[in-house]
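The values are calculated or read from the model by the stated rules, or taken from the named source; none is laboratory data. Just so we're clear, the structure is a prediction, and the values are computed from it rather than from any experiment. Note: ideal-geometry Cβ built from the backbone for every residue, glycine included; neighbour counts use all protein chains shown. Ligands, DNA and RNA are stripped out before the accessible areas are found, and what is left, the full protein with its side chains, is counted by its heavy atoms. Shrake-Rupley method; radii C 1.70, N 1.55, O 1.52, S 1.80 Å.
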Amino acid sequence: MAKPTTVIRPEDITICETTQQMIAKARRDGVELFFDRAEAIKPCPIGASSACCKHCSMGPCRISPSDPYGKVGICGATIDTISARNFGRMVAAGTAAHTDHGMAMLDLFRGVIEGTVTDFAIKDHIKLFEVAESLDIETEARPILEVARDVYEALEKTYTQVEGEIPLVKRVPKKTLETWRKEGLVPRGAMREIMEMMHRSAMGVDQDYENITKQISRTALADGWGGSMVSTDISDILFGTPAPREVTVDMGVLKEDQVNIIVHGHEPILLEAMMVSADAPSIKEMAKEAGAKGINLVGMCCSGLDVLSRHGIPHAGNFSSTEAALVTGAVDAMTVDVQCIKQDLHKVAQCYDTTFITTNYRAKIEGALHIELDEHDPMKCTDEIIIKGIMRFKNRSKEIEIPKKTARGIHGFSHEYIKYMLGGSFRGGYEPLNDNIINGRIRGVAGVVGCTNPRSKQDFSHVELVKELIKNDVLVVQTGCSQMALAKAGLTSPGASALAGPGLAEVCETVGIPPILGLGACVDNSRILMAVAEMVKTGGLGDAIADLPVAGCAPEWMSEKAIAIGQYFVASGVYTVFGHTFPVTDDTRFTRLLFGGLEAKGLGSWGFADSPHEMARLMIAHIDKKRKELGIDKSRERVLMDMSDRRALAANE
Ligand code: MSK
């Protein structure tokens, strides 16, 4: 394996102290991490600006980002066509990832209904009935399985429907839906939309950037209000809707005297099955015989967030820390399924004699051990993984260094729980949230989500941005690796309200919640869509999602999935800021359409900023603009974090 060549200080690479410690250890051990390659491989400036077209063998054709209208591709494609096609393909890829994940959940649901999958069952009957009612499916005095069958058939259309509106658009606020209808954006099934996006962005097909952008929005909406929403609904029905619980996070959750098994990826089924295997008396006995005090199941990345939300399983860190966790030498097995799994994890695992196992037929890694998870007999796979972990524990030979740091916080919120926590069981609803926004205690709501990226100091922008938002009375909801950045920084505990502005702090202290609410994995962003739809339905804040004083941000994004998510928020009416880079060329007509033109059509808008403070400024300015339009504005100053705020945080950690 290549040796690290860089000398950048770990504290300049990440603010995550445990990852810093492991970067230093990896350097001592001569192990290269992706941070090192991010330093060694410079991004191509033309590719980064999306000014390169490689859809046919006449090219690739490169346009100069500094003179975007100076020339066209060999076929005559303009910079606007080229950028729109590239952007559309990112959205199609991201949508495909989310919807294929949703399809896997739907397959599992079908197996449970048909009785071919017997290790899982319908766990959350209330959620099943709520989903059924939202689809106008009769539930009164009907057997559970009959309702479930109808729900399955309706949700399958979310993927396969070739014509007409998908069933879940019933959840979209009326005025937002009218805008989509007027603009021709209401999605059909995701398969149809992805297929058409790929076709229209092929050489010689759609060469009108505005027309391509319509298909981009329609594809993304088939994800947010379709495939992604289905996967969250089905996960809740099968594994239970999350409820808040206190959870320990960061690399200190690894235990030297236990068999440490890390589960990383995005499919909840793997970790749910791992939990059953780890609890089996025969497996526990085997671990004991090997000299271990127990089996320590730990999540990472997004499937980790899933089981953290549902079961309180500890979480070791986000995307940028997955290699670092292996560097501890304490991981006896790391098992992965799909999405955001770096190919080099296998090589880093080899350096520390960690057993690295792929489990999904869609995602093998060359040279890595593959033990396939079959939903008809999932424990066959997960038992074997744990046994391999026990064997590695027994034969541990590498130096072990586990960082000491952990943080505790509350996780496991959902749009349903927000309703309950604000109004209780009898008068649960979004009225208290809307009322507190109208009276100004809460300025607005921000969704801060998305990845970490080795080209951006890990966690820094997430944490700085969120601190500034809550200081300015903006309630923050989170998913994905961003949620874990804030959790590690100790900001997901109720004590974090010491850093919030007076209005937000008062609401949080009254209700007993942190000012930052973690809603789960990146595949659960549809929970945020449902929350904003509830805010519109509740009334007092306009008639469309675009009227709400809300904004979104992915400060350190890296995946195509993030672009699909950003576009479905924008097309739903949300101002959405991305940080660190944006895949378009400055000052083109396509870029102006994304960054303003869509808003003029009644949708949301993209925004971009490099620093978290500028991101906060843009988001707060947008929230204030919406407050003004709603007539609920009061003059208020934007407050910046100072040293006393930082001390207050330290005292609360
Ligand atoms: S894992 S898509 S790095 S949030 Fe969902 Fe994290 Fe982004 Fe992957």
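Taking 0.36 nm per residue of sequence separation and removing the Cα-Cα distance, the residue 58/residue 439 pair yields an extension gain of 131.1 nm. A 1.4 Å probe run over segment 251-394, with the rest of the protein chains in place, finds 31 Å² accessible per residue. Ligands, DNA and RNA left out, the 1.4 Å accessible surface of segment 376-464 is 51% carbon and sulfur atoms. For residue 556, the residues whose amide H sits under 5 Å from its own are 451, 579, ignoring neighbours fewer than 5 places away on the same chain, with H placed 1.01 Å from N. Once the Cα-Cα distance is subtracted from the 0.36 nm per residue extended length, the residue 136 to residue 174 segment shows a gain of 12.1 nm. Calculate the length of the line joining the C-alpha centroid of segment 352-395 to that of segment 560-609, in whole Å. Computed from Cα coordinates, the inter-centre distance equals 40 Å. Take the Cα of residue 116, step 7 Å toward its Cβ, do the same at residue 8, and the gap between the two points is 4.8 nm.
The Cα atoms of segment 192-240 cover 47, 16, 10 Å along the three principal axes, with the biggest extent listed first. Name the shape class, rounded, prolate or oblate, that the alpha-carbon gyration tensor gives for segment 423-527, where a ≥ b ≥ c are the square roots of its eigenvalues, rounded holds for a/c under 1.5, and otherwise prolate holds if a/b is larger than b/c and oblate otherwise. It is prolate, given that a/c is not under 1.5 and a/b is the larger ratio.
Based on alpha-carbon atoms, the Kirkwood radius and the radius of gyration of the chain give Rg/Rh equal to 0.95.
The residues of segment 415-630 have, on average, 27 Å² of accessible surface per residue, using a 1.4 Å probe with all protein chains present.
DSSP finds beta bridges in the chain, and of those with both partners inside it, around 15 percent are antiparallel. Here, P(r) means the percent of Cα pairs in each 5 Å bin from 0 to the largest distance; for segment 251-394 it is 2, 11, 23, 26, 23, 12, 3, 0. In this label model, residue 581 and residue 72 are separated by 2.8 nm, measuring between points 7 Å along each Cα→Cβ vector.
Converting phi to 3J(HN,Hα) with the Karplus coefficients 6.51, -1.76 and 1.60 and the offset θ = phi - 60°, segment 43-57 yields x, 5, x, 6, x, 4, 8, 6, 9, 10, 10, 10, 8, 8, 8 Hz in sequence order, with x at every glycine or proline. Taking the Cα centre of the chain as reference, the dipole from Cβ charges on Lys and Arg (+1) and Asp and Glu (-1) amounts to some 1380 debye. Of 189, 581, 275, whose Cα points farthest to the positive end of the dipole of the chain (charges on the beta-carbon: +1 Lys, Arg; -1 Asp, Glu; origin at the Cα centre)? Checking the options against the dipole of the chain, the answer is 581.
Over the C-alpha trace of segment 68-239, radius of gyration and Dmax come out as 18.8, 68 angstrom. Taking amide H as placed 1.01 Å from N in the peptide plane, residue 517 has its amide H under 5 Å from the amide H of 476, 477, 478, each at least 5 places away in sequence or on another chain. Per-residue ellipticity at 222 nm computed for the chain from its helices equals -14500 deg cm²/dmol, with DSSP H segments shorter than 4 residues left out and the rest contributing -39,500 (n - 2.57). Taking the Cα atoms of segment 215-333, the ratio Rg/Rh between the radius of gyration and the Kirkwood radius comes to 1.06. With K and R counted +1 and D and E -1, the other residues having a Cβ less than 9 Å from that of residue 520 yield a net charge of 0.
If you keep only loop residues by DSSP, which chymotrypsin sites (Phe, Trp or Tyr not before Pro) in segment 374-480 have at most 11 other Cβ atoms within 10 Å of their Cβ?
Here the sparse-neighbourhood loop sites are 426.
A straight chain from residue 380 to residue 404 at 0.36 nm per residue would run longer than the Cα-Cα distance by 5.2 nm.
How much of the accessible area of segment 281-345, in percent, comes from carbon and sulfur atoms when a 1.4 Å probe is used?
53
Computed from the alpha carbon atoms alone, the convex hull of segment 552-634 holds 91 Å³ per residue.
Computed from the Cβ-Cβ distance with R0 of 35 Å, the FRET efficiency linking residue 153 to residue 211 stands at 0.60. Computed with every protein chain present, the accessible area of residue 42 is close to 140 Å² [probe 1.4 Å].
Note on segment 415-630: Cα convex hull, mean projected area over all directions, 10.8 nm². How much of the accessible area of segment 68-239, in percent, comes from carbon and sulfur atoms when a 1.4 Å probe is used? The computed percentage sits at 53.
Within segment 175-242, none of the chymotrypsin sites (Phe, Trp or Tyr not before Pro) combine a DSSP coil assignment with at most 13 other C-beta atoms in a 10 angstrom radius.
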